[in-house]
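The structure appears below as structure tokens.
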Amino acid sequence: MAARARAALLLITALLLGGCGYHIAGRGAQLPGGVTEMRVPVFANETAKPDIEGPMTEAFVAEMVNTVRIKYSSDVVMTGVITAYDLKPVSFTGSDVNIEYRLTITLAVDIKRGEEVLWKDEHITDYEDFTVNTLDVAATEDAERAAMKKLGRDTARLVKERMLTGF
């Protein structure tokens, strides 16, 4: 009897969830202006932190490639400018030794077809926390690079979802 009740509950749940209209963001949706292909040049870096534009651009290309074709000859261009890169300590030991940083990146991104702006957001800000290794500076630098790459992926996904939902 218990097995029959579980099977019925599972069937009812499947039927209810089947019609809820849920879909994975980025699938079955279109970018503004019906864009199907675009080019993405390397983002500009207006910060004092060197070599962050490559990984940030790569994250956006990797995220967009699931929605549009990345084509170097497209008349639609996504441009990005990294306007801020900020590290702040966020947690400390009892003796005031920093054990965690918050990396915050701010960027401006737009999509244009010629001079026509299809989508634009000049104040995209996201952050990622990472742990400090007080005994190994190189390990802390590795953690910062890993945090920046994760932040790039997360920010690219957030921006794409905003584009797809019209925000």
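The values are calculated or read from the model by the stated rules, or taken from the named source; none is laboratory data. Everything quoted here is computed from the prediction, not taken from an experiment. Don't worry about glycine lacking a Cβ; one is built from the backbone with ideal geometry, like all the others, and counts go over all protein chains shown. Please note that ligands, DNA and RNA were not included when accessible areas were found on the heavy atoms of the full protein model with its side chains. Shrake-Rupley method; radii C 1.70, N 1.55, O 1.52, S 1.80 Å.
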What are the residues in the stretch 132-167 that are crowded, with 19+ Cβ neighbours inside 10 Å, touching a helix residue (DSSP H, G or I) at 6+ places or on another chain (Cβ under 6 Å) and without any contact (Cβ under 8 Å) to a residue 60 or more places away in the chain, if any? V132
Pairs only if they're at least six apart or on different chains, beta carbon under 6 angstrom, first in the stretch 59-78 and over 28 Å from R145 (Cα atoms), second among the β-branched types (V, I, T); list them, first residue then second. V76/V35
Check the stretch 95-107 and report whether any residue there is closer than 16 Å to E63 by Cβ and within 16 Å of the chain's Cα centre (by Cα). yes
Kindly check whether there is at least one residue in the stretch 34-55 that is of a type in the set (S, T, Y) and at pLDDT below 95. yes
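Within 17 Å of the chain's Cα centre (by Cα) and crowded, with 19+ Cβ neighbours inside 10 Å: which single residue out of A84, A59 fits that description? Spell out how you get there, then give the answer.
Numbers: A84 fails: crowded, with 19+ Cβ neighbours inside 10 Å.
Only one candidate qualifies: A59.
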Go through the residues of the stretch 9-25 one by one and say whether even a single one is modelled with pLDDT under 95 and within 18 Å of the chain's Cα centre (by Cα). yes
Here are some residues: I82, I124, I105, I111. Which one is in a strand (DSSP E or B), among the β-branched types (V, I, T) and modelled with pLDDT under 95? I111
State all residues of the stretch 97-131 that are among the small types (G, A, S) and either open to solvent by 30 Å² or more (accessible area, probe 1.4 Å) or touching a residue at least 60 places away in the same chain (Cβ under 8 Å) (or both); if no residue qualifies, say none. G114
Contacts under 6 angstrom Cβ, first residue in the stretch 30-51 being hydroxyl-bearing (S, T, Y), partner open to solvent by 30 Å² or more (accessible area, probe 1.4 Å) and assigned to a strand (DSSP E or B), 6 or more apart: T47/Y85
